Amino acid sequence: MTTKISFRDVVKTYPMREGTFTALDHVSLDIADQEFVTVVGPSGCGKSTLMSMAAGLVEPSSGEVLVDGDPVSGPGPDRGVIFQQYALFPWLSVRKNVEFGLKLADIPGAERRRRAERAIELVGLSDFADALPKTLSGGMKQRCAIARAYAVNPKVLLMDEPFGALDALTRVQLQDQLLHTWSQEQRTVMFITHDVDEAVYLARRVIVMAARPGRVQQIIDVDLPYPRTEEIRLSPEFGRIRNEVWHSVYHQAPAA
Ligand SMILES: Nc1ncnc2c1ncn2[C@@H]1O[C@H](COP(=O)(O)OP(=O)(O)OP(=O)(O)O)[C@@H](O)[C@H]1O
Ligand SMILES: [Mg+2]
């Protein structure tokens, strides 16, 4: 299998009033082409920092981050990013927000409208396509941000707690949609979540991180077939893996 994203001995430090703070401490991780990995770990363990490096928004202090074997030098349309906090343009409608990324990627007008329409439909916002963000609920704003990333159809999706603000039903629906498009479009997905069930349901591998300093604690294989179904979600094997991830996250020994 070819490697899509590679973190090699990545260190990230921030200067403090006295000395430095180590946000990521020698993290090495390979994500295969078309793999779906989820990342879990306590608040502050460096999940967003790690993903931001793949997005080209944060540079490592040492080590390197490669996509398709090339060092990441900045953001690009090959990598779609969905942030922990949705970032919409308040003066643009849902439709215009979704089209914005397509404009940046130089997609012509008619194609832009078609793709935006499809992405908006996928996240269930068709009735609100002309609404301004301020008139939407938090979950709807988040779905708009998701549609904007989907519309560009990037080979890599980097998602930072994208479903965190959503109600349980919408969340499960979007999980299934995400898995569906992932399998169709041959994407590589790196997905951060605090929800252990979500982490196991989506991923082929769950990356468990630990804090102080931020590092990879354990990688847990999810040996369950795709497509994932409700039956799988309720199976004893799913429960066993969930317990293993839970244990790894919440019973972490502090770093020596
Ligand atoms: N620009 C910055 N300057 C200083 N410290 C920073 C900066 N960005 C992040 N950090 C620190 O790096 C650590 C990791 O932050 P990060 O946002 O990656 O954590 P996280 O795992 O995503 O947490 P959460 O689950 O709360 O989103 C934190 O302790 C944070 O305070
Ligand atoms: Mg974060």
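The values are calculated or read from the model by the stated rules, or taken from the named source; none is laboratory data. On a predicted model such as this, the values are computed, not experimentally measured, just so you know. Cβ atoms come from the backbone with ideal geometry, glycine included; neighbour counts cover every protein chain shown. Areas reflect the complete protein model, heavy atoms only, side chains present, ligands, DNA and RNA absent. Shrake-Rupley method; radii C 1.70, N 1.55, O 1.52, S 1.80 Å.
Scan the stretch 14-42 residue by residue and report those that are in contact (Cβ under 8 Å) with a residue 60 or more places away in the chain and either part of a loop (DSSP other than H, G, I, E, B) or charged (D, E, K, R) (or both).
D25, D33, Q34, E35, G41, P42
Among the residues of the stretch 67-87, is there at least one that is modelled with pLDDT of 95 or more, away from ligand 1 (no atom under 14 Å from the Cβ), open to solvent by less than 60 Å² (accessible area, probe 1.4 Å) and farther than 26 Å from F163 by Cα?
Yes, the stretch 67-87 contains a residue that is modelled with pLDDT of 95 or more, away from ligand 1 (no atom under 14 Å from the Cβ), open to solvent by less than 60 Å² (accessible area, probe 1.4 Å) and farther than 26 Å from F163 by Cα.
Just need a number here: residues in the stretch 47-61 that are over 16 Å from G80 (Cβ atoms) and either in contact with a Pro (Cβ under 8 Å, 6 or more places away or on another chain) or of a type in the set (A, V, I, L, M) (or both).
The number of residues fulfilling the criteria is 2.
Go through the stretch 53-84 and give me each residue that's out of contact with any Ser or Thr (no Cβ under 8 Å at 6 or more places or on another chain), free of Cβ contacts under 8 Å to residues at least 40 places away in the same chain and within 27 Å of P15 (Cα to Cα).
L57, E59, P71, V72, S73, G74, P75, listed by residue number.
Scan the stretch 197-206 for residues that are of a type in the set (A, V, I, L, M) and within 16 Å of ligand 2 (Cβ to nearest atom) and jot them down.
Correct list: A199 only.
When you go through A54, A87 one by one, which is the residue that is assigned to a loop (DSSP other than H, G, I, E, B) and either away from ligand 2 (no atom under 12 Å from the Cβ) or closer than 22 Å to E121 by Cβ (or both)?
A87
So for the stretch 18-38 (the condition being of a type in the set (A, V, I, L, M, F, W, C), out of contact with any helix residue (DSSP H, G or I) (no Cβ under 9 Å at 6 or more places or on another chain), open to solvent by 10 Å² or more (accessible area, probe 1.4 Å) and within 11 Å of ligand 1 (Cβ to nearest atom)), does at least one residue qualify?
yes
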